[in-house]
Amino acid sequence: MEERGRTGARSRLLLLLLAGFISVDCIDIRMDSEVYGIVGESAKLWCGFSSRDRISDLVTVDWSYRSLTGGPTVTIMHYQGKPYPTLGGPFKDRITWEGNVNRGDASIVLEDLKLTDNGTFSCVVRNPPDVHGDVPQTKLTVTLKSVSFKFNTVILLSSLVFIPSALVAVILLIRMKKAIQRDRARDQKLKKSSIEESQDCVYDENATAPVHCDSSSEKPPGCMMRLCLRCADDYDDDYRGETRNLV
C-alpha cells in the first residue's frame, strides 16, 4: 500500500511538472475604437489579429453585436473556412466578409446603414491552440447625411478661393483706372501751351494784370493778344501826337 501511495504521488508530481511546462498562448486581437457612418452608405468594421502559431484551417471568427438601446448580444457573422453571415435579424443580407485570415484580417462591411445599427461590435478570433485573448469592441455611430453641412462646406471653400481673387481683381482695376486718369491728365498738360492757358484771362481797361478768368465756350482774345493790341494803340496815339507837334 505504501509503495502504491508513493507511485501515485510521483504521478501527480509528474503531472504538475508537465502542467508547468505547458502554456496556452494568447491571441492578439485589434479593432478600431469608433467607426462613423451615414444612413444608406456602407461602413467597414476592421478587425486584425496575430497568433504565435501558424494559421490553420481550424481558425474561427465570430462577430457579435449589441444595440445601444440595450438587449442581448447576438452573433451576426461566423467564419470557419468561409463566411456564414446571419440569416435573420436586422443585419440580414447586409453583411459582407472583407477579411483574409492568412493575413491576420477578419474585417466585415455593413451595407445600407440605418440609425438602428448604432451599437457596439466585437470580434473574437480563435486559432487553436491560441483560443484566449482580449475581446475588443468597436462603437458604430450612424448619422443622417447633412445636406446643409455639405452646402456650407462648399460655400466656405468657394469663399476662400473666389473672394481673395475678386478682391485682387478689384484692386487691380482701381489702380489701372487711376493710372489711366493720371496719364490723361499729364497728356492734357503737355498739349496745353502757356498762351492757351492765358486765353481765359479778362483785363480791366486800366489794369495790366488779369482780373478774372472766363471759362465760357466763346473765349475772348488771350491775355498776350490783348496786351499786344493795347501796346499798339498806345504807340499809335504817341505817333499821332508827335506828328501834330511837328506840323
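The values are calculated or read from the model by the stated rules, or taken from the named source; none is laboratory data. Computed from a prediction, not measured in an experiment: that's the story for all the values here. All Cβ positions, glycine included, derive from the backbone under ideal geometry; neighbour counts span all protein chains shown. We work out accessible area using only protein heavy atoms, side chains counted, and drop any ligands, DNA or RNA first. Shrake-Rupley method; radii C 1.70, N 1.55, O 1.52, S 1.80 Å.
Can you find even one residue in the stretch 146-161 that is under 16 Å from Y36 (Cβ atoms) and either modelled with pLDDT of 90 or more or small (G, A, S) (or both)?
For the stretch 146-161, residues under 16 Å from Y36 (Cβ atoms) and either modelled with pLDDT of 90 or more or small (G, A, S) (or both): present.
Please work out if Q137 is open to solvent by 30 Å² or more (accessible area, probe 1.4 Å) and either touching a residue at least 40 places away in the same chain (Cβ under 8 Å) or touching a Pro at 6+ places or on another chain (Cβ under 9 Å) (or both).
When the stated conditions are applied, Q137 passes them.
Of (1) free of Cβ contacts under 8 Å to residues at least 60 places away in the same chain; (2) in a loop (DSSP other than H, G, I, E, B); (3) closer than 19 Å to P136 by Cβ, R52 satisfies all except one. Which?
It fails just one condition, (1).
Evaluate the following for G20: is it open to solvent by less than 50 Å² (accessible area, probe 1.4 Å), at pLDDT below 90 and over 23 Å from D134 (Cβ atoms)?
So G20 fails the test.
Residues that are within 18 Å of E41 (Cα to Cα): which strands (runs of 3 or more DSSP E) entirely in the stretch 82-174 hold 1 or more of them?
In the stretch 82-174, the matching strands (runs of 3 or more DSSP E) lie at 95-97, 108-110, 119-126, 137-143.
So which residues in the stretch 77-112 are free of Cβ contacts under 8 Å to residues at least 40 places away in the same chain, closer than 24 Å to I27 by Cα and over 37 Å from the mean Cα position of the chain (by Cα)?
Listed by number, the residues that qualify are M77, H78, Y79, Q80, G81, K82, P83, Y84, P85.
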